[in-house]
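Just below is one structure, and these are the notes that go with it.
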Amino acid sequence: MRAAGGNRSLQRGIEILRAFRQGIDVLGNGEIAERTGIPRATVSRLTRTLVQSGMLDDVRSERAYRLAAAVISFGHAMRVSSPVLNALGRMMRAESMRRRINVGLATADRSMMVYLESVRFDPRVALRNVVAGQQVPMELTSLGRAYLAGITEQERARLFATFKRRSAGATQSLLAEVQRSIRSVKRDGYCAVSWQRGVLAVATPIVVKGLPVYALNMSTQNVQPTARLSAEMGAYLMAFAKRCNEALAGE
């Protein structure tokens, strides 16, 4: 957990904040210690500091903590100041309406993908509500597999080691699927994945010098995934990705 030359207390404080993931309301010191591997006494000291600094709320009735409102301001500041979102946000919304399809942009947060923007063409019929800041598994999704195709072999090997630990029961078949998706990106520019019933998503990496690697996807629901539909969506995606790359290169 500790990076060379890093501040250990700061790193541990960040790990505590990271313990509050999607679907988690409150956590006590013991639960935080279990999730982070940080000694409970250290967790107790750091949670007090995080409460004092406004990052955590002390839920006394449950002897636990939840993320404080101040945390959301970091996400808002990131979105407002992001040159990538400033360049692509309006384009994504226009493309979603034009193609009548969902459009998403994500990048990596460790071994997960985090949405920076998610434009839902018709949220009333979506099988799941996808919003900016939401995480999805890298190895299961089109976004994650496109991202993997866009990074170096060394970075990919480190992430594959994480996938093996996380999905030990399905390692062989799952990693074979991921490798097929990566080969698809190398061959066609995109990969198609249907990791949820009735949902088809295609994704491609966005690689621009001086910026992190991103992944751009298009998805639709209530469909029967077919090779023909994948190819049609893939053609839409690649044409749009070309325009996105040009917009980012001009920033």
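The values are calculated or read from the model by the stated rules, or taken from the named source; none is laboratory data. Note that this is a predicted model, so its numbers are computed, not measured. Every residue, glycine as well, gets a Cβ built from its backbone with ideal geometry; the counts of neighbours run over all protein chains shown. Surface areas here come from the heavy atoms of the whole protein model, side chains and all, with no ligands, DNA or RNA. Shrake-Rupley method; radii C 1.70, N 1.55, O 1.52, S 1.80 Å.
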### Message
Can you find a residue that is in a loop (DSSP other than H, G, I, E, B) and aliphatic (A, V, I, L, M) anywhere in segment 64-84?
### Response
yes
### Message
I'd like to verify a number: residues in segment 61-91 that are over 18 Å from A33 (Cα atoms) and basic (K, R), how many?
### Response
2
### Message
For the condition within 15 Å of L248 (Cβ to Cβ), modelled with pLDDT of 95 or more and either surrounded by 12 or more Cβ atoms within 10 Å (Cβ to Cβ) or of a type in the set (A, V, I, L, M, F, W, C) (or both), what is the one hit in G89, G104?
### Response
G89
### Query
Does T226 satisfy the criteria of being touching a strand residue (DSSP E or B) at 6+ places or on another chain (Cβ under 9 Å), more than 19 Å from E117 (Cα to Cα), without any contact (Cβ under 8 Å) to a residue 24 or more places away in the chain and open to solvent by 10 Å² or more (accessible area, probe 1.4 Å)?
yes
#### Entry: The one condition in (1) acidic (D, E); (2) open to solvent by 70 Å² or more (accessible area, probe 1.4 Å); (3) touching a Phe, Trp or Tyr at 6+ places or on another chain (Cβ under 9 Å) that E62 fails to fulfil
(3)
#### Entry: Selection status of V131, over 17 Å from Q22 (Cα atoms), outside any strand (DSSP E or B), more than 10 Å from the chain's Cα centre (by Cα) and of a type in the set (A, V, I, L, M, F, W, C)
no
### Summary
In segment 81-123, anything of a type in the set (D, E) and over 17 Å from the mean Cα position of the chain (by Cα) is listed as E95, D122
